[in-house]
Amino acid sequence: MNRSVRLCELGALDDGAVTRVDIDGQRIAVARVGQTVYAIGDRCSHANFSLSDGFLSAGDCTIECPKHGSRFSLVTGVPDSLPAVRAVPVYEVRVDGDDVIAELPEDDR
Ligand code: FES
């Protein structure tokens with residue numbers, strides 16, 4: 001079961017940048033590429049570092065962990081390079097007017 005959660009305003013997201021949003025203690029990295037917004041788990045699956053502090057590659061829709069450099073797909077959450085080997089969660093996002101809304105699992109609270 002999912003719940004729809006407003007993450008932020010679209011206008012608050014810079015194109016080509018990643019922003020960390022905290023929802024009920026859950027960290028979400030929100031990335032904007034043009035008019036498309038992606039939301040993935042902010043906590044690297046290798047260690048507790050924030051992916052939103054990493055480096056967004058808009059061209060291949062990845063974000064690189066700032067600590068050891070694993071690159072995660074914004075689409076699937078799967079890392080394509082070591083040392084991370086596990087995917088991070090990926091959340092469905094829609095933009096409604098200026099609201100960025102994500103579908104978050106109930107059990108992620
Ligand atoms: S903490 Fe992210 S790759 Fe090591």
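A few remarks follow.
- Among the residues listed as I40, I63, I101, the single one being within 11 Å of the ligand (Cβ to nearest atom), assigned to a strand (DSSP E or B) and surrounded by 13 or more Cβ atoms within 10 Å (Cβ to Cβ): I63
- Segment 43-55, subset crowded, with 21+ Cβ neighbours inside 10 Å and of a type in the set (A, V, I, L, M, F, W, C), residue farthest from the ligand (Cβ to nearest atom): L51
- Check on S45, in a strand (DSSP E or B), small (G, A, S) and more than 12 Å from the chain's Cα centre (by Cα): no
- Top-ranked residue of segment 10-34 - restricted to ones that are touching a strand residue (DSSP E or B) at 6+ places or on another chain (Cβ under 7 Å), in a strand (DSSP E or B) and among the charged types (D, E, K, R), ranked as nearest to P105 (Cα to Cα): R27
- Each residue in segment 78-98 was checked for being in contact (Cβ under 8 Å) with a residue 24 or more places away in the chain, near the ligand (Cβ under 9 Å from one of its atoms) and assigned to a loop (DSSP other than H, G, I, E, B), and 2 of them qualify.
- Subset of segment 48-60 [over 19 Å from D22 (Cβ atoms) and in a loop (DSSP other than H, G, I, E, B)]: A58, G59, D60
- Residue-level analysis places V5 outside the set of residues that are away from the ligand (no atom under 12 Å from the Cβ), surrounded by fewer than 16 Cβ atoms within 10 Å (Cβ to Cβ) and either not aliphatic (A, V, I, L, M) or not in a helix (DSSP H, G or I) (or both).
- Of residues in segment 66-77 being more than 16 Å from V30 (Cα to Cα) and either among the hydrophobic types (A, V, I, L, M, F, W, C) or surrounded by fewer than 18 Cβ atoms within 10 Å (Cβ to Cβ) (or both), the one farthest from the ligand (Cβ to nearest atom): G69
- Every residue from segment 78-89 that is buried (at least 18 other Cβ atoms within 10 Å of the Cβ) and either among the β-branched types (V, I, T) or at pLDDT below 95 (or both): V88
- Scanning segment 11-47 for residues that are of a type in the set (A, V, I, L, M) and without any contact (Cβ under 8 Å) to a residue 12 or more places away in the chain yields one hit, A12.
The values are calculated or read from the model by the stated rules, or taken from the named source; none is laboratory data. In this text, all values refer to a predicted model and were calculated from it rather than measured experimentally. Using ideal geometry, Cβ is built from the backbone for each residue, glycine included, and neighbour counts are taken over all protein chains shown.
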